[in-house]
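One structure is given below, encoded as structure tokens.
Just so it is clear, none of the values below were taken in a lab; they were calculated from the coordinates. Keep in mind that this is a model prediction, so the values were computed, not measured. All Cβ positions, even for glycine, are placed from backbone atoms using ideal geometry, and neighbour counts span all protein chains on display.
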Amino acid sequence: MTMQFGEKEKQLLLGFIAFVLIALSVKFAWMDLFNDKSNKLKDEISPLESEVKILRDYDKKSESYKREISAFTAKSDAIVSKYAANNTQEYLLLFLRDLETENNWINVYNLPQDPTNQSIKTMDSKILTAVVEPTTIEFVASYGDAKQFIRAVNENVKKCGFSNISLNYDDQTKLLKGKALFNFYSIVGGDRVPEQTNIFSVLYGKGQDGLFTSSTFSPDITTTGMSNIDRIRTDSDFFVLVNPYGSSLDSVIAGFTNDKTGNSLISGNGNKEHTVVIKVSGSNNDYSIEYQVDEKKQAATKFVAGDTIDILLSSSVRVDDVDKVTCKVRVENTSDRTVNVGRINDDMNNARIFFEHSGDVTVH
């Protein structure tokens, strides 16, 4: 049987065939594009799958890592804690003072350089920084004391060590004269808190050789023949210190001079006018001092008076016009003794200390 197609049917058939061919072409084109995308995605997914596997392994070991990190942190903190958090001049002097009390000491007669050269930027850094501060001292000592001193320094390897030391023996005095270069070590920055030192409670204004030998450590010190102001400077019972604006110490510090612990110290801070009131009372060698710095008060505290009752007021030269620190000091004496007050180091052009008193008080 022969089928006959008219022109209309032929055109419809050809149109259908063309549509099928176009559809197949589009399909194959999309399939090729999809395959390309699929292959690219597979290439991208492959390394990610590897990373996921690694992360899953890490996650399984995370608790172990945490324990290891904690142990490492504890070890590193233990090492860092052996070093000073700062090496201010006060810290270095007190460190040498501690060596004195432990080792019969030696007579230091020269500390020729200022060992403080750290910048505030370094001290405030969030990153731990190792600092070495070279400091030179010159001294005289017996052979035994010098040997003990060297041993003591060498045992403090985490705080300091000798960079160089020279000794000469004097046959007449039987003493060693030496010069030592220390390297003081510290780790600053991070969250480390610098050590707060109350150096003036034990060292300020004292010393036969201007540094360490004082009545605090040498009770047999003599003041015979000294002027009043030198005697007060050398052997005061109580002190008030007024520091310049920007000092690392508080603006005003007051307390007993021979207080090795620093527990008697009270202070006021700020670039402003401060007030200090000192009340001395007692009789028949039973004396006490009550004192106040701004709003801080210290109850009456007994002390052993020597031949005289002496108070040292020490000021400082102003840094610049911005420095507004001043101090009104009032001494009230109701005791049966004269209170001697010595004033030193005030700014001659713009005094910091304004003084008034009641009772038997003599100012030098």
Inset, instruction - Grab every C-alpha pair in the range 229-364, bin the distances at 10 angstrom width from 0 up to the longest one, and report whole percents. - result: 12, 46, 33, 8, 1
Legend entry - Karplus-derived HN-Hα couplings along the range 340-354 (A = 6.51, B = -1.76, C = 1.60, θ = phi - 60°), whole Hz, x at Gly and Pro: 9, 10, x, 10, 9, 6, 6, 6, 5, 8, 8, 4, 8, 9, 10
Legend entry - Computed FRET value (nearest 0.05) for ASN164 with VAL322, which takes r as the C-beta separation and R₀ as 45 Å: 0.65
Inset, instruction - For a label point 7 Å from the Cα of SER283 along Cα→C-beta, name the residues of the range 301-333 whose backbone N is under 16 Å from it. - result: 333
Legend entry - Nonlocal amide H pairs with HIS357, under 5 Å, H built at 1.01 Å: VAL331
Legend entry - Note, ³J(HN,Hα) from phi for the range 286-300, Karplus 6.51, -1.76, 1.60, rounded to Hz, x at Gly and Pro: 10, 10, 9, 10, 10, 8, 8, 10, 6, 8, 8, 10, 10, 4, 3
Legend entry - Theoretical FRET efficiency, 1/(1+(r/R0)^6), r = Cβ-Cβ of ASN228 and SER142, R0 41 Å, to 0.05: 0.70
